[in-house]
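As C-alpha cells, the structure follows; a few thoughts come after it.
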Amino acid sequence: MICPFCKQEVDEPCQNTVEMQRRANQIERCNYALKSLKGIVFG
Ligand SMILES: [Zn+2]
C-alpha cells in the first residue's frame, strides 16, 4: 500500500499524523514526511 504521508510503497502505511510522528524517530521516510508536513502546516 502507498503511505499517504511518505508517498511510498510500504507494508504498513501510516494511518494518521500521530502514527507518522511516532514513526519519524525510527523511519527516515516518515521523518522526511513529517518535516514537509510541518513546512506546510506551520509555514
Ligand atoms: Zn509513513
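What to note about this one:
- A straight chain from Asn31 to Ile2 at 0.36 nm per residue would run longer than the Cα-Cα distance by 8.8 nm.
- Each Lys and Arg Cβ is given +1 and each Asp and Glu Cβ -1; about its Cα centre, the chain then shows a dipole of about 240 debye.
- Cysteines in the chain that lack a partner Cβ within the 4.7 Å cut-off: Cys14, Cys30.
- Helix 28-41 and the longest principal axis of the C-alpha atoms of the chain enclose an angle of approximately 40°.
- The residue list Cys30, Pro13, Ile2 was ranked by how far each Cα lies along the charge dipole of the chain toward its positive end, using unit charges on Cβ atoms, and Cys30 comes out on top.
- Over the chain: Rg over Rh, Cα atoms, Kirkwood Rh: 0.95
Where a number appears in this text, it was derived from the coordinates with a stated rule and is not lab data. Treat the numbers as computed from the prediction; the structure is a model and nothing was measured. Positions of Cβ are backbone-derived with ideal geometry, glycine not excepted, and every protein chain shown enters the neighbour counts.
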